[in-house]
Every structure is written in structure tokens, then in C-alpha cells.
Amino acid sequence: MTVEADPVRVESRLAAGQVDCPDCSGGVLRPWGWARPRDVHGIGGLLRPRRARCGMCLVTHVLLPLSVLLRRAYAADVIGAALLARSAGRGHRWIGVALTVPAATVRGWLRVIADRLETTRLHLLQVALRAGVDIAVPAALGCPWRDLLAALGAAAGAVIGRFGPVGVLGPVTAWQVAAACSGGRLLAPGWPAAG
């Protein structure tokens, strides 16, 4: 489950019973230990996510901050920088060297996003239209990668405009908005769901 980036706010919201269970209606998550520590390139230091348990359905969840994606060892902003470089016409080898990420890893990210450019763009535009007021759909730029980035810019602008630069999620980057919009599943199989 994706939560805000500030661990102190997550702890206070958990203690106050302000985090709803995504699996059941009416359940509230409470602190339930910690997940295993993981090294995430781009956040500096080890990440040890909080684990929480629903008092109603008894399901446990790992609470990942907006700065990371599900099952990825790289921060959302690092993956976003790779997609930004791809939209500028760079290849996976150049991007890998520039970001100090293995070229094969970058190639995998680019292939996943390339297979879902249009559906991801449409999902981000839906977020922009639901969160924003009088949001104009970005004009087509002639490149699917740049069109995706334009939709991300619209979604980030709408979310930040609606909730403020700090808002309910804390200060966020555009790539953290993308992580939030996808529930951390931006590169996961089966996201976005059809329909």
C-alpha cells in the first residue's frame, strides 16, 4: 500500500487510526511491526517500511512511501529520470550510464512503459481531470513518450493545485504523483487495469 513519504506523519496517522484498510470497508490499519530493510537506489540509506494490520479483516500491509515503486530497488524519481531521458531520445545504454543503473534494468523499465504508454497516459489524464478544476487536456506533441510526460505534468499540476504543495501527501514530485496514481504499480504487471 502506498502512503505519504514522511514516516513521522505515517506513524501519527496509524496511531490515530486514520489509515483505512484497502481490502475491507470499515477496517482501520494499526502498526504491526516492520517489513525487511531494503536498499533502494536514489533515496539514500536503507528503507525499512512500516507494516500495518487491519483490525477488522486481520490482513497485513506493507506501507511503501511515495518515493518507491512496488518491487523495485530504485526510487520513483530515478525511474522517472530514465523515462524523461527516453522522451528526449536517449537510449537505454546512455541512460544507464547517466543514472548509474545497469543498462538491462533501464531497458526493462522502458519496455514495460512502452507497452502501456497510451493506457498510462489516459490514466494520468483521468487523474488530472478528477483532481483538477478546468484542466485542459495537453495537446499531442507528436511523440508518445512526450505525450505521457505532458499527461503526468497535468496530473501533478492538478493534484498539487487541489491539495497544495504540501497537501495530504506532503511535498511531492511529479514522479511521486505517478507512484501515488498507480498505487506504486507503475511498472507492475497488470497495471493499469483495463477499463
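Only one of the numbered conditions (1) at positive phi; (2) at pLDDT 95 or above is violated by Gly45, and that is (2).
Of all residues being in a helix (DSSP H, G or I) and within 16 Å of the chain's Cα centre (by Cα) in region 111-121, which is nearest to Ala82 (Cα to Cα)? Just the residue, please. Checking each candidate, the answer is Ile113.
Mind checking whether some residue in region 16-23 is touching a helix residue (DSSP H, G or I) at 6+ places or on another chain (Cβ under 9 Å), among the polar types (S, T, N, Q) and closer than 16 Å to Gly184 by Cα? No.
Filtered by the rule that a residue be surrounded by fewer than 20 Cβ atoms within 10 Å (Cβ to Cβ) and touching a residue at least 40 places away in the same chain (Cβ under 8 Å), region 124-144 gives a lone residue, Cys143.
Table: residues versus (1) surrounded by 14 or more Cβ atoms within 10 Å (Cβ to Cβ); (2) over 22 Å from the mean Cα position of the chain (by Cα).
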{"residue": "Gly42", "(1), (2)": "yes, no"}
{"residue": "Leu58", "(1), (2)": "no, yes"}
{"residue": "Leu63", "(1), (2)": "yes, no"}
{"residue": "Ser67", "(1), (2)": "yes, no"}
{"residue": "Tyr74", "(1), (2)": "yes, no"}
{"residue": "Trp94", "(1), (2)": "yes, yes"}
{"residue": "Val101", "(1), (2)": "yes, no"}
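Yes or no, residue by residue, for (1) free of Cβ contacts under 8 Å to residues at least 24 places away in the same chain; (2) not acidic (Asp, Glu):
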{"site": "Val8", "(1), (2)": "yes, yes"}
{"site": "Ala16", "(1), (2)": "yes, yes"}
{"site": "Val19", "(1), (2)": "no, yes"}
{"site": "Gly26", "(1), (2)": "no, yes"}
{"site": "Leu29", "(1), (2)": "no, yes"}
{"site": "Trp32", "(1), (2)": "no, yes"}
{"site": "Ala35", "(1), (2)": "no, yes"}
{"site": "Asp39", "(1), (2)": "no, no"}
{"site": "Gly44", "(1), (2)": "yes, yes"}
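The values are calculated or read from the model by the stated rules, or taken from the named source; none is laboratory data. Source: prediction; values computed, not measured. As a convention, Cβ positions derive from the backbone with ideal geometry for all residues, glycine included, and neighbour counts pool all protein chains shown.
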